[in-house]
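The values are calculated or read from the model by the stated rules, or taken from the named source; none is laboratory data. Computed from a predicted structure; not experimentally measured. Cβ atoms come from the backbone with ideal geometry, glycine included; neighbour counts cover every protein chain shown. The protein model used for the area step is the full one, side chains on, heavy atoms only, and it has no ligands, DNA or RNA in it. Shrake-Rupley method; radii C 1.70, N 1.55, O 1.52, S 1.80 Å.
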Amino acid sequence: MFIQTEATPNPATLKFLPGKVVMESGTAEFRSAEEAEASPLAARLFEIPGVIGVYFGYDFISVSKENQEWQHLKPAILGSIMEHFMSGKPVMGSTSVLSEVRDAGGEFFDEGDEAIVLTIKELLDTRVRPAVAQDGGDITFRGFRDGKVYLNMKGSCAGCPSSTATLKHGVQNLLRHFVPEVQEVEAV
């Protein structure tokens, strides 16, 4: 099994491409060993000292670290991913809850803004999320109120030094162009 690695704009996160489907549908994010219990693979990755975040996309795994150097962590992460896929175990446990499902209940917007929100979500899904996924992250809609769009940053986007620039110069300008009601974009 050959696993490719790619740098992300976030120096604390690397993207691992196992050459296999990781998540058939949706995404999953884990920010602690307790959350990772929902996934045998995430739990295995959190056993590696220095791993502080794991994010699963369709065909990639983003791993975030603290303090350690990648040259020390990367071999252990590659070994854990390889062992997991070779074992045939599922990526997610049967009782797991995907982050997309968790997030859906937390959306907020006025009923009168439903058409605006649908346009915002379509723009995010077609123009923003595919580009951000290439960098090992995700941006999901959280809410819309008083001209302000609230977005959730995941994977390599969470805590990335360039995420503010991505939000303000990329996403905000795109949304303002297509949806005049949008005045500002903010991460939550």
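For the reader, a short list of remarks on this structure follows.
- Scanning the stretch 146-188 for residues that are among the hydroxyl-bearing types (Ser, Thr, Tyr) and part of a loop (DSSP other than H, G, I, E, B), we see that the one that is surrounded by the fewest Cβ atoms within 10 Å (Cβ to Cβ) is Ser162.
Every residue, every condition in (1) under 18 Å from Pro130 (Cβ atoms); (2) in contact (Cβ under 8 Å) with a residue 60 or more places away in the chain; (3) touching a Leu at 6+ places or on another chain (Cβ under 8 Å), yes or no:
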site	(1), (2), (3)
Pro9	yes, yes, no
Leu41	no, no, no
Arg44	no, no, no
Ile48	no, no, yes
Gln71	no, no, no
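- Of the residues Lys148, Lys121, Lys154, the single one that is within 26 Å of Ile61 (Cα to Cα), of a type outside the set (Asp, Glu) and at pLDDT 90 or above is Lys121.
- Per-region count, the stretch 24-35, residues open to solvent by 10 Å² or more (accessible area, probe 1.4 Å) and under 12 Å from the mean Cα position of the chain (by Cα): 4
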